[in-house]
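The values are calculated or read from the model by the stated rules, or taken from the named source; none is laboratory data. The shown structure was predicted, so the numbers you read here are calculated from the model rather than taken from an experiment. Neighbour counts run over all protein chains shown; Cβ positions are idealised from the backbone, glycine included.
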Amino acid sequence: MSEKKEEHLLKELCREDAGLYDVLGSYLYLDPRGAISQKDLETLIEEAEKSIKDENCRETRQKCMRAVDKAIFEATQNPEEKSRYIKVIQDLASKTVKVTEKEKEIAEKEGSANYASSLEGSIKKCKVLSERIEDVIRIASLFYNERLEELGASDRREERREERRGVVLKEEREEREAKYSREARRKKMGRGERREAEKEDKEEDKKEETRGEARRKEGKETEKEEDRVEEKEREKREAKRKELK
């Protein structure tokens, strides 16, 4: 977790619980839609269990963690099935601890002290995850639901921006095409007609410049309004979060 805003959100949710913050900082993602596997949970569990039989410790640990990540996220989105997910997560956490302990033993035998130390830290966090699973799901639910709302609002805003950019580009393209068309017609005119056409073109250029300024002003005003809406939505999310804690 790298962005200060989201670090602050997680700290606020965990309050003074440094231990829980430390664990969740390793298990939660800023954008769960992209970071968490798109495979269904059952498939991820099957892959992890197959890897356990193959006795590849590092691969097994990674696959178990992918399944844990998926299970935590699904638990936050399906609160009515929380008890089922708790069992799944605790089972996966237990398997993760066992395989990580084996991987740590191998690292120690190979003289990889730093790697063994990092694995020991992972083991401790995994144990805390299992022991405090109720708290983990509660905080993860608040965190993920707020992040999903923020991401959804951001996506919608970007879609509106793209739509506005498309409209502006279309208008600018039509103006350029009209200008090229006028220039082409002017080349075929006589001297008298051309002078009159040039006057009309200058007037049209002024109108295009005015329209361009109007578009830019409208765009800035729209951005300001969206900023105001976004701030109100953020305040509502914060108020809702305080009520749920």
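Would it be correct to say that Lys82 is farther than 13 Å from Ile137 by Cβ and part of a helix (DSSP H, G or I)?
Details: farther than 13 Å from Ile137 by Cβ: no; part of a helix (DSSP H, G or I): yes.
When the stated conditions are applied, Lys82 does not pass them.
For the range 84-93, what are the residues that are surrounded by fewer than 20 Cβ atoms within 10 Å (Cβ to Cβ) and farther than 16 Å from Lys50 by Cα? Quick ask: steps written out before the conclusion?
Step one: list which residues in the range 84-93 are surrounded by fewer than 20 Cβ atoms within 10 Å (Cβ to Cβ), which gives 84, 86-87, 90-91.
Across the range 84-93, the qualifying residues are Arg84, Ile86, Lys87, Gln90.
Would a scan of the range 17-28 turn up a residue that is touching a residue at least 24 places away in the same chain (Cβ under 8 Å) and over 18 Å from Ser122 (Cβ atoms)?
Within the range 17-28, one or more residues are touching a residue at least 24 places away in the same chain (Cβ under 8 Å) and over 18 Å from Ser122 (Cβ atoms).
Going by the structure shown, is Tyr21 assigned to a helix (DSSP H, G or I), under 30 Å from Asp155 (Cβ atoms) and in contact with a Cys (Cβ under 6 Å, 6 or more places away or on another chain)?
Working: assigned to a helix (DSSP H, G or I): yes; under 30 Å from Asp155 (Cβ atoms): yes; in contact with a Cys (Cβ under 6 Å, 6 or more places away or on another chain): yes.
Criteria met by Tyr21.
Condition first: surrounded by fewer than 17 Cβ atoms within 10 Å (Cβ to Cβ) and either within 29 Å of the chain's Cα centre (by Cα) or on the phi > 0 side of the Ramachandran plot (or both). Now tell me which residues in the range 95-122 satisfy that.
Scanning the range 95-122 gives Gly111, Ser118, Gly121.
Could you check, for the range 152-162, whether at least one of its residues is within 18 Å of the chain's Cα centre (by Cα) and surrounded by 15 or more Cβ atoms within 10 Å (Cβ to Cβ)?
yes
Specify which of the listed residues (Lys125, Lys87, Lys179, Lys102) is in a helix (DSSP H, G or I), over 30 Å from Asp227 (Cβ atoms), modelled with pLDDT under 95 and outside the structural domain of Glu230 (by TED's automatic domain parsing). Before you say what the answer is, go through the steps one by one.
Working: Lys125 fails: modelled with pLDDT under 95; Lys87 fails: modelled with pLDDT under 95; Lys179 fails: outside the structural domain of Glu230 (by TED's automatic domain parsing).
The unique qualifying residue is Lys102.
Suppose we filter Lys202, Lys224 for residues that are at pLDDT below 80, loosely packed, with under 13 Cβ neighbours inside 10 Å and within 30 Å of Glu146 (Cβ to Cβ); which single one remains?
Details: Lys202 fails: within 30 Å of Glu146 (Cβ to Cβ).
The conditions single out Lys224.
Return the residues of the range 63-83 that are surrounded by fewer than 23 Cβ atoms within 10 Å (Cβ to Cβ) and over 16 Å from Leu129 (Cα atoms); say none if nothing qualifies.
Gln77, Asn78, Pro79, Glu80, Glu81
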